[in-house]
1. Identify the chymotrypsin sites (Phe, Trp or Tyr not before Pro) of region 63-120 meeting these criteria: DSSP loop state and at most 13 other C-beta atoms within 10 Å of the C-beta.
2. Determine the distance separating the Cα centre of region 229-299 from the Cα centre of region 102-166; give it in Å without decimals.
3. With only Lys, Arg, Asp and Glu charged, each at its Cβ (+1 for the first two, -1 for the last two), find how big the charge dipole of the chain is about the Cα centre; round to the nearest 20 debye.
4. Around residue 69, what is the net charge, scoring Lys/Arg as +1 and Asp/Glu as -1 over all other residues with Cβ under 13 Å from its Cβ?
5. Put +1 on the Cβ of every Lys and Arg and -1 on every Asp and Glu Cβ in the chain; which of 270, 51, 301 then has its Cα farthest towards the positive end of the dipole?
6. Once you place label points 7 Å from the Cα toward the Cβ at residue 176 and residue 82, how far apart are they in nm?
7. Round to the nearest 10 and give me the degree value, 0 to 90, for the angle of helix 26-54's Cα axis relative to the longest principal axis of the chain.
8. Can you give the alpha-carbon Rg of the chain over 2.2 N^0.38 Å, where N counts its residues?
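The values are calculated or read from the model by the stated rules, or taken from the named source; none is laboratory data. In this text the structure is predicted, and so the values were computed from the model without any measurement. In this analysis, Cβ positions are derived from the backbone assuming ideal geometry, glycine residues included, and neighbour counts consider all displayed protein chains. Accessible surface areas use protein heavy atoms only, side chains included; no ligands, DNA or RNA. Shrake-Rupley method; radii C 1.70, N 1.55, O 1.52, S 1.80 Å.
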Amino acid sequence: MSAADTTTAEVPPTRQSPPPPPAGGPGAKRARGGRRFGASATPWLLLAPCLLVLALVMGYPLVRLVTLSFQKFGQSQLWGFQPAESVGFGNFSGVLADGEFWQVVVRTIVFAAGCVIFTMVIGMLIALLLQRVSGWVKTLVNIALVASWGMPVIVATTVFKWLFDADYGILNAVLSRLPGVELIGHNWFASGPQGLAVIMLLVVWGAVPFVVITLSAGLTQVPAELEEAARLDGAGAWGVFRYVTLPILKPVIVMLTTLSVIWDMGVFPQVFVMRNGHPEAEFQLLTTYSYDRAFVVNDYGQGSAIALITVLLLLGVVAVYMRQMLKIGEVE
């Protein structure tokens, strides 16, 4: 074959890909729909294992709790001698008509409010203090906070029982060394307010580390330039905190306050162990009151009704939290 024949040889035409479907065609719509479905389904697929575990762990107890709250269920029904009898809202009406229940509700709200206020104030003060100390001091404080936070509740409660013991408590001995103070043999649990104050101190002691660590992380997000600009404008320490630091930390504070309310409304082991498994009437909170109704009085129906009312109260707290977070999101 000559060079001329080579140069004039015909080259086979290349295969062209089919043109893409028009933007408004059915193929494009199917593609967009598939991508939209995949994007919306991915979060649920990732959450599925967690939701399954929650359903297995909490689903049956919650359903059983609701069922028992509408039944007459005592020792006879527990051992199978008699069938459970539906009483409608009888358990709830009996609980709500009981004056002792409302005393317990007020006591629980006051106790939880005191715990939350002291926890947030002390936690904020310590977090602000940690911003102004050297690195090794901050490390030592964080180690102490994590150690106290990781201590089991039963162990911490036992330690506090020894500290405030009437006969062998170290606190009475130390305070009695102060001029004009004589607390040897003083029983801190002789009255409800004093005893609940000790339990409140125990709850705050266990909750402060989490608040301090979380607020310390939030304080790292406060721009130093804004604080410096506020000082140049004549703002003092309180002004910088109120108008610069506090607004930036508001989402974190709302979250911590909501969690603290939920945790402090559900305090049980501290009261139960402090009072040796038999809390007196002036020490009863909603959790211990529900336990006593169910397992001491053996009225599982009313105990479940009290527990369900407590859950509804906590759901109200969660609803307020969600509303505040939505407001913060709209402002941002």
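1. Values: sites: 70, 73, 79, 81, 89, 92, 101, 102, 111, 118; in loops: 70, 73, 79, 81, 89.
Taking region 63-120 and a limit of 13 other Cβ atoms within 10 Å, the loop chymotrypsin sites (Phe, Trp or Tyr not before Pro) found are 79, 81, 89.
2. 10 Å
3. Working: 20 positive and 19 negative charges, 177 e Å.
So the dipole magnitude of the chain works out to roughly 840 debye.
4. Taking every other residue near residue 69 into account, the sum is +2.
5. Among 270, 51, 301, the one farthest towards the positive end of the dipole of the chain is 51.
6. 5.4 nm
7. Between helix and principal axis, roughly 30 degrees.
8. On the way: Rg = 31.2 Å, N = 332, 2.2 N^0.38 = 20.0 Å.
So the chain has a normalised radius of gyration of 1.56.
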